[in-house]
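First comes the structure, then the notes that go with it.
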Amino acid sequence: MFKKTLFIFLLIAAGALGFTGWLLSAEPQEAVRLDRAEAPEKPARVTVYVTGAVKRPGVVELSANDRIGQAIEACGGALPTADMEGVNLAKQLTDGMQIRVPENVKSGGAQPGMAKSETAEGKVNINTADAAGLDKLPGIGPAMAKRIVDYRNEHGPFEAPEDIQKVRGIGPSKYEKMKDRIAI
């Protein structure tokens, strides 16, 4: 009877050791699974809003690994009046971020406290003025101002003041009346 009891005891002890070993080996795998499940995965694409001194401001979708410089290029690049020293082009994009490209005051952009459509010389910047600002020009009413804004949104900024003549309804005579009051 002693042999039988010893055999049963050894069998129970071996089973308990085996079960304990199995539990210990299964625990690290569970912990790894929990860590992986809790870590949020980075999205493959991000959406950012680029505004300010860029050719085509707006919302763009890019790779999550892209940088601010690539977002600005996706909007047609920076305007000649942009102050790029104030922008960290190497910063990685995050979903929902807004990127503002400031105007350079020295290059004819708006000065602080001044209307966005006016330059330091009091001229109307035809690349940044809204319809109300363009309406201040001689020979330009609300309908023509809207047409200028629509043209700029479709084709990008004007490269020279005389390019405003590309807008339907602005010919040489209308340009002559406003040429001393406009800037880019």
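Observations, loosely collected:
- Candidate set: segment 84-95, residues that are of a type in the set (D, E, K, R) and out of contact with any helix residue (DSSP H, G or I) (no Cβ under 9 Å at 6 or more places or on another chain); chosen: the one surrounded by the most Cβ atoms within 10 Å (Cβ to Cβ): D95
- Residues within segment 1-57 that are at pLDDT below 75, within 30 Å of G96 (Cα to Cα) and of a type outside the set (A, V, I, L, M, F, W, C), tallied: 8
- When segment 146-178 is filtered for residues that are at pLDDT below 90 and not hydrophobic (A, V, I, L, M, F, W, C), the ones remaining, listed by number, are D150, Y151, R152, N153, E154, H155, G156, P157, E159.
- Of all residues in segment 62-83, none are out of contact with any strand residue (DSSP E or B) (no Cβ under 6 Å at 6 or more places or on another chain), outside any helix (DSSP H, G or I) and either at pLDDT below 75 or surrounded by fewer than 10 Cβ atoms within 10 Å (Cβ to Cβ) (or both).
- Within segment 140-168, the residues that satisfy the criterion of being open to solvent by less than 50 Å² (accessible area, probe 1.4 Å) and assigned to a loop (DSSP other than H, G, I, E, B) are I140, G141, G156, P157, F158, A160, V167.
- Pairs are defined by a Cβ separation below 9 Å, a sequence spacing of at least 6 or placement on different chains, a first member in segment 45-64 that is without any contact (Cβ under 8 Å) to a residue 24 or more places away in the chain and within 20 Å of D83 (Cα to Cα), and a second member that is open to solvent by 60 Å² or more (accessible area, probe 1.4 Å) and part of a strand (DSSP E or B); the pairs so defined are P57/Y49; G58/Y49.
- Those residues of segment 129-139 which are closer than 19 Å to A53 by Cβ, open to solvent by less than 70 Å² (accessible area, probe 1.4 Å) and assigned to a loop (DSSP other than H, G, I, E, B), in sequence order: A129
- On inspection, E176 does not qualify as within 34 Å of the chain's Cα centre (by Cα) and open to solvent by 50 Å² or more (accessible area, probe 1.4 Å).
The values are calculated or read from the model by the stated rules, or taken from the named source; none is laboratory data. This structure is a prediction, so every number in the text was calculated from the model and none was measured. Glycine gets a Cβ as well: all are built from the backbone with ideal geometry, and neighbour counts include every protein chain shown. The protein model used for the area step is the full one, side chains on, heavy atoms only, and it has no ligands, DNA or RNA in it. Shrake-Rupley method; radii C 1.70, N 1.55, O 1.52, S 1.80 Å.
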